[in-house]
1. List the lysines whose alpha-carbon lies under 26 Å from that of Lys412, not counting same-chain residues fewer than 8 positions away?
2. Count the net charge of all other residues whose Cβ sits under 14 Å from the Cβ of Ile77, scoring Lys and Arg as +1 and Asp and Glu as -1.
3. Can you give me the P(r) profile for the range 116-237? Cα pairs, bins 5 angstrom wide beginning at 0, each as a whole percent.
4. Roughly how many nanometres apart are two label points built 7 Å out from the Cα toward the Cβ at Asp173 and Gln349?
5. Taking only protein heavy atoms into account and a 1.4 Å probe, give the accessible area per residue of the chain in Å².
6. Taking 8 Å as the Cα distance limit and 6 or more residues as the minimum spacing, I'd like the relative contact order of the chain as a percentage.
7. For Glu10 and Asp27, compute 0.36 nm times the residue count separating them, minus their Cα-Cα distance, and round to one decimal in nm.
8. Evaluated at 25 °C with a viscosity of 0.890 mPa s, what Stokes-Einstein diffusion coefficient in µm²/s does the range 152-196 have when Rh comes from the Kirkwood expression over alpha-carbon pairs?
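The values are calculated or read from the model by the stated rules, or taken from the named source; none is laboratory data. Here the structure is a predicted model, which is why all the values come from computation and not from measurement. All Cβ positions, glycine included, derive from the backbone under ideal geometry; neighbour counts span all protein chains shown. What goes into the accessible areas is simple: the full protein's heavy atoms, side chains included, and nothing from ligands, DNA or RNA. Shrake-Rupley method; radii C 1.70, N 1.55, O 1.52, S 1.80 Å.
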Amino acid sequence: PASVVEPLVEQVPEVALAPLPALRLADGLTPPTNRWFSGLVFGDEPQPVFPLPLAFSIDDTSFGAGLPQIVTSATNIIGSSQQDVNVEVANAASTVVSAYDVASVTLETHDGDGAPLGRTTVAEGSPFVTHLAAADETLTTSVPFTGSGDVAVADTTTGRWGLRLHGATLQGDTLSLSEGDAVVLFPVPAHVEPDALAEHAVPLTGTSVSYSVGADEVTTELTYDTAGGTPAYGVLPHQASATGDDCDLGSFPTVYGTLTLCPGSTLAWSAPRQQAAAALDLSSLTDGDRAELAKQVQADIDNLPDPPADTYFGGKWAYRTAQLLQIARQVGADDAADQARARLTELLQQWTQVDGCAERSAFCFGYDPHWKGIVGQTAAFGSELFNDHHFHYGYFLYAAAALTADQPSLVKELKPVMTLLAADIASGSDTGLTPQWRPFDVYASHSWAAGTGEFADGNNQESSSEAVTAWAGLQLWAKVAGDKDLERQAVWMMSAEAQAATTYWTDFDTSDPVYDGFDHGAMGINWGGKRDYATWFSPEPSAILGIQLIPMSPSSSYLAGDPERIRANVDEAGTGPLGDYALMYAGLAGTVDAEAALKAARALPDDAIDQGNSRSYLLAYLMTAAASG
C-alpha cells in the first residue's frame, strides 16, 4: 500500500536513466507500462492493440475495431489488425487514454479547445466497443449500418458487425448522439443472429477483479461493470473451467485458440495452486549422490565469477549463488555454504543499501519519478524503459528469501529495498508511486514484458518461466518478511502465470484449429496479436524451449505433465543454447528419463551451463527427479 511505499521511496535516490516517450495519457494517471494497451499510450504514433477477440486502434480523430483473421504457418500464428469498422468523431482533434483498470481502457476524444467529445471503452475478453457521448456528438462509420429499432447491422469483408443504440439515432453511416447517449459496436459470430448478442451489448464502464486462494486451486473473478444490463464475456482456453451450458452466444477464433462467448457479468475460472520452494529437497538422495554434490558445490563456489552490475545478470548471479548455498547446507558442505553465504550477503547488502545510488553508479536501485518505479542504475535489456522488471527482480527476491532462510537476522536490513522491488512489479493497488500489478494481466493470466509496448502486434512476453519465477520469488520473500497479504497475492499470481505458461507456451492443446499447420510443440514469444516460434536472441530450438524453462527453479514442478509431450519437446529442442535446462525438463518425464538426463549432465561441457545455473544445481535437480520415481 501507499503507506508502505511512500516513506521507502523518499529514502532512495531519484534516478532518470531514460526519458519517457511521448504520452497520450490524461494528467494524473500512472504511466501504464507493460500493459496489453501500452501501445495506445507511448510513442509518436499509437499502435494497434488486441483486447481479444478484437483488434482495436485509434488516431487523433477516430477509433476502429476489427476481428483478427488468423493465419497459421509452421512457425507463426498471426492475427490481423485491420479496422473492419472505423468511427470518425466530428470536430475531434486529439485522443488520450483517460482511464484504465485491470482489463479495460477508456479513451477520451477532445475537440480543438481540449473539451471532451466522447469516451470509448474496450476490455479484454469483451466483444463490445462502447462509445459514450460527453457532449452532443456526430459519428461517421466507415460502413453503413441498417436496421430498425435500436439494433443495426453492417456487412464487412470479414463478416457481419452489429451496432446497438442507447439513445443515439442512426441514418446510414451517420450517428447522432446527445450528451449521455451511447453506441455499442460488436462483431457477430458465425451462425449467430445479431439480436442474440445485441441483447448483451450494454455500455461497459470498466472492470474489477477479486481472487481467492484455496488448498488446491486459486480462483479469479473478473467482473465487467456496465451502465445497466447484462454483458457477455469471452472464455479462452486457460479459462475453460468457466464455460457452461449457457455459453451459447457463439465463438471466435483467436491466436490463442477458440474464444467462447458466454452471457454474464463475472468471468470466474480456476488454476491449480502452485507452492513456491526456496530450495530443492535433497533428503532422498543416496550417500553417493550427496558426496558427489558436496565435491561439486565446493568447486562451483570456488569458481564463482565476479557478480555482474546489471539487474538481469546480477539477479541471476544472486539466485545461482543462493541455490549453491542451499545445496551445500543440505549435503553437509558447511565450509562451502559459509563461503556462498558470505559472497551472497555482501552482494545483497550492496544492492539493498537504501542510498547506494547516491554513492556509486552500479549495484544499486533508485526511484524514477517520471516512469513511477524502481530501476537499477546499470540497465539491461531495456530495463531503463521498464522492460522485463519482473524477470530481473524475481531473481533478487528469490535469492533474498533463500539467504534469509539461512540467515534470518538479515531480513530487517534487506527489507526496505526488497519491498520496493516487490512494489514495482506487484503492488496490489495503484499507489501513485507504482502501478497496480505492473506486468501482470489478469484476463490473460500472464505478464507482459515490454515497458512501452510500441509494436504493431501488441505487447509480448518471451520467458514464461522467468515470470513464474518472479511470483515464486515474491511468494518466498513475502513469507520471510511476514507479509501474509502479499504472500497470498503471490500464490495467486504464480498459480495463474503457471497455468498460462503451460497452456500457451509449453503444453498447448494442439487439437485446437488454431494450431493446424503449426509444426512445433513449444512456443517462443507470445504477443497480443501473434505468436512466434522464435526468441529475441537465438533461432536455435534449444533456446526456444529453454527460455520457457529457465531457471528450472525448485518451484518449477508446474512444468511436469504429459511425459510424451515433454519427451517430444526435448527431442525437438536438441542440444544448443540453454540445453542444460532442457535436460532438467527431461527429468520431469519419469525416472528413466531423469537417469538418462543425469548421465548427460555429468558429461556436459562447462560452457554449456547457463550463467543462472551451475553444475551442482543441474545434478541436484536431476538426482532429485530420479530419486522421486
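1. Within the straight-line cut-off, Lys412 pairs with Lys316, Lys372, Lys479, Lys484.
2. Values: positive: Lys530, Arg531; negative: Asp457, Asp509, Asp512, Asp516, Asp519, Asp532.
Charge balance near Ile77 sits at -4.
3. 2, 10, 20, 21, 18, 12, 6, 4, 3, 2, 1, 0
4. My value for the distance between the label points is 7.2 nm.
5. 35
6. Relative CO of the chain lands at 15 percent.
7. 3.9 nm
8. Details: Rh = 11.4 Å.
For the chosen part, D equals 216 µm²/s.
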